[in-house]
1. If you place +1 on the Cβ of every Lys and Arg and -1 on the Cβ of every Asp and Glu, how big does the dipole about the Cα centre of chain B come out, in debye to the nearest 20?
2. Just to make sure I understand: if all protein chains stay in place, what is the order of A:Ser288, B:Ser49 by accessible area at 1.4 Å, largest first?
3. Of B:Thr7, A:Thr171, B:Trp334, which is farthest towards the positive pole of the protein assembly as shown's charge dipole, taken about the Cα centre with +1 and -1 on the beta-carbons of Lys, Arg and Asp, Glu respectively?
4. Counting only heavy atoms of the protein chains, get the accessible area per residue of the protein assembly as shown (1.4 Å probe) and round it to a whole Å² value.
5. If you take the beta carbon distance between A:Asp253 and B:Gln177 as r and set R0 to 51 Å, what does 1/(1 + (r/R0)^6) give as a FRET efficiency, to the nearest 0.05?
6. How charged is the neighbourhood of A:Arg305? Take every other residue with its Cβ under 14 Å from the Cβ of A:Arg305, and add Lys/Arg as +1 and Asp/Glu as -1.
7. Which one of A:Phe79, A:Gln150, A:Asn69 has its Cα pushed farthest toward the positive end of the charge dipole of segment A:48-168, where Lys and Arg give +1 and Asp and Glu give -1 at the Cβ?
8. Can you give the calculated 222 nm mean residue ellipticity of chain A, where each DSSP H run of n ≥ 4 adds -39,500 (n - 2.57) and the sum is split over every residue, rounded to the nearest 500 deg cm²/dmol?
Amino acid sequence: MDTGKKIIEIHNLNIGYPSKTIFSGINLSAYQGELIALIGINGAGKSTLLRTLARLQKESSGKVTIEGNNIHQYSIKTFAQRVSFVSTEPVYVSNLNVKELVALGRFPHTNWLGKLDEKDSAAVERAIHKTNIENLAEKNINQISDGERQRAMIARTIAQDTDIIILDEPTAFLDLPNRYETVSLLKALSKNENKTVIFSTHDLNIAIRQADKIWLIQKDKIIEGAPEDLVLNNCFTHIFESSKISFDIEKGDFTIPASMNRSVKLTGDGAEYLWTVKALERLGYLVSDSNNENITVRITRENNRLNWVIEKENCKFAVNSIYELSAILGRR
Amino acid sequence: MQQVNKTRFYLFGLLFIILIAAFLFDLFIGSANIPLPEIVKILFTHESSRPEWISIINDFRLPKVITAILAGAALSVSGLQMQTVFRNPLAGPDVLGITAGASLGVAVVVLGISSFFSFDTFMLFGNWAIVIAACIGSGLILLLIFAVSLRVRDIITILILGIMFGSATIAIVSILQYFSPAPTLKAFVIWTMGSLGGVTKSQLWILLPCVILGLFTAVLSSKILNALLLGENYAKSLGVNIKTSRFLIFFSTSLLAGSVTAFCGPIGFIGIAVPHVTRMIFKTSHHIYLIWGSILIGSVTMLASDILSLLPGKENALPINSVTALLGIPIVIWIIIKNKKIV
């Protein structure tokens with residue numbers, strides 16, 4: 001496997017503020033063209049780490065290098081040509097249209113007046129095209145949706161033409177389709193443009209399916225690896241202190257297990273079987289196939305119509321929907 | 001894009017013509033009736049059929065009109081920069097207590113230090129002392145407000161704090177007034193009424209370079225101001241040197257608001273209203289257009305205010321403060337109602 005060029009290296013980094021260290025002993029790396037998801041609970045230090053990488057905040061100790069050079073060796077301008085940043089802070093400016101916002105990305109490339117030459121204008125057009133926001137170009141950024149604004153902010157980083165893009169919770173304010181679109185846009189940037197894209201997120205599901213690598217903040221250390229390796233090594237299991245939330249290694253997502261103090265025997269097959277299992281688990285039933293259960297549920301299909309036949313305490317019920325089934329079994 | 005640039009070009013042309021017209025009309029209006037052709041003749045040849053007209057134009061009206069242009073441009077551009085840096089549509093030199101800071105500087109010089117010197121000694125360095133003190137006063141309040149705004153994002157809170165700082169400085173000024181002898185007190189009270197006509201030629205020679213330096217600095221930082229629209233973090237990640245740019249912008253803002261306040265007294269509402277009118281007319285947030293637009297629109301507004309102040313009777317002019325307030329307040333109210341984030 002071609003591992004590509006190592007672009008970011010974090011050595012023994014301590015992050016935080018002069019008065020308070022938030023996380024210490026961080027060792028991570030990023031390669032060219034990698035899409036990296038940073039995952040951790042609220043307050044774990046995700047933003048602080050990303051801000052430190054983007055040089056918006058000074059590290060307490062340790063160092064971050066880009067292609068072997070400490071990030072502080074770069075001048076402000078050359079650093080802005082290497083690393084671009086999108087924060088969680090929403091941007092509302094009256095009279096600023098999408099194109100002008102994207103054009104601000106050319107800041108480190110233009111002269112003191114900020115005048116765009118042909119090369120700059122071409123870069124702006126290209127960024128708008130890549131993010132598919134041509135139809136919004138003349139619109140005021142206060143008049144577009146959150147998802148569209150996030151695309152415009154990403155277009156700005158493309159116009160900035162950096163090989164590293166850092167985004168702090170880019171999907172935070174977005175609905176589900178927009179989250180997928182945003183992350184797939186980031187993935188396209190890493191794959192087609194060979195950019196290193198690092199983003200923090202709470203969307204474990206999306207991160208596991210899309211990211212090349214996950215930086216996972218655990219209680220006392222940050223580990224890195226392919227999402228699948230982390231799943232198989234049970235790394236996600238321990239990131240929440242709460243015992244109420246557990247990681248389902250097969251589904252690759254967190255679940256809130258109901259306390260399963262009752263059990264039921266279920267027979268049936270197909271999709272209706274799987275969804276009935278989910279419903280029963282939600283109601284706090286452990287599904288088994290032993291014959292010793294007090295309650296049995298049998299799924300049958302008659303004339304294309306689904307039936308759930310419930311036998312409970314010598315009573316027999318037949319219902320036509322899971323909703324009715326839960327009404328009967330949900331009772332204590 | 002080409003179309004937009006053309007429209008802007010025509011707008012600048014139109015504003016410039018309005019400025020020239022307002023400039024001549026403001027020279028024309030006054031208690032002595034001097035025909036317009038004579039005024040133009042005096043401006044270009046320094047000759048006139050009646051010698052006293054030369055003195056009226058050159059010694060009284062022309063300094064006042066130039067002061068109006070400088071004050072309008074300076075206050076508007078300082079307001080524009082503040083609105084961008086604080087990312088607050090209601091920021092302006094008078095609202096945030098910057099002019100009050102300048103007043104404190106002036107009060108300290110006029111009421112405090114001047115009593116230690118003889119009147120003649122004071123007049124030697126007085127004008128410069130007033131300007132420097134006013135700029136320092138406005139700069140200090142600006143820094144104070146900025147330090148607060150780093151911690152508090154809420155627009156209303158910052159405005160209330162600005163009013164508090166303003167009130168506090170006014171309270172200190174009142175204490176200084178209380179302990180002042182009558183002649184200096186009178187000079188100070190007249191100053192607080194604000195006036196364009198009170199600026200002498202020698203003061204104009206101090207005001208002019210201050211305003212030009214301030215405007216030049218603003219034009220220099222126009223690119224930085226564009227980036228600051230997104231907030232300091234984004235500006236930083238775009239390659240803005242935050243420390244240098246803060247220094248440049250605060251230097252320019254304090255110099256513009258401070259020097260104008262030093263000689264004209266506190267003139268309200270121009271600094272907050274004109275940038276909004278400029279944004280509305282030019283429909284852009286690009287600062288190179290906004291700065292030049294604010295310079296032109298600010299100058300025209302100030303000349304118009306002066307003309308309005310002279311309209312009621314030809315003997316007594318209205319206080320310029322009242323005119324700018326009556327012109328500016330409707331615009332400020334409109335901004336408050338329009339801005340959904342505030343309501």
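1. Using Cβ point charges on Lys, Arg, Asp and Glu, chain B gives about 1220 debye.
2. Solvent-accessible surface, decreasing: B:Ser49, A:Ser288.
3. B:Trp334
4. I get 47 Å² per residue for this part.
5. Efficiency, rounded to the nearest 0.05: 0.10.
6. My count for the surroundings of A:Arg305 gives -2.
7. A:Asn69
8. -9000 deg cm²/dmol
The values are calculated or read from the model by the stated rules, or taken from the named source; none is laboratory data. If you're wondering where the values come from, they're calculated on a predicted model, not measured in any experiment. Virtual Cβ from ideal backbone geometry, glycine too; neighbours counted across all protein chains shown. The area values use the complete protein model at the heavy-atom level, side chains included, leaving out ligands, DNA and RNA. Shrake-Rupley method; radii C 1.70, N 1.55, O 1.52, S 1.80 Å.
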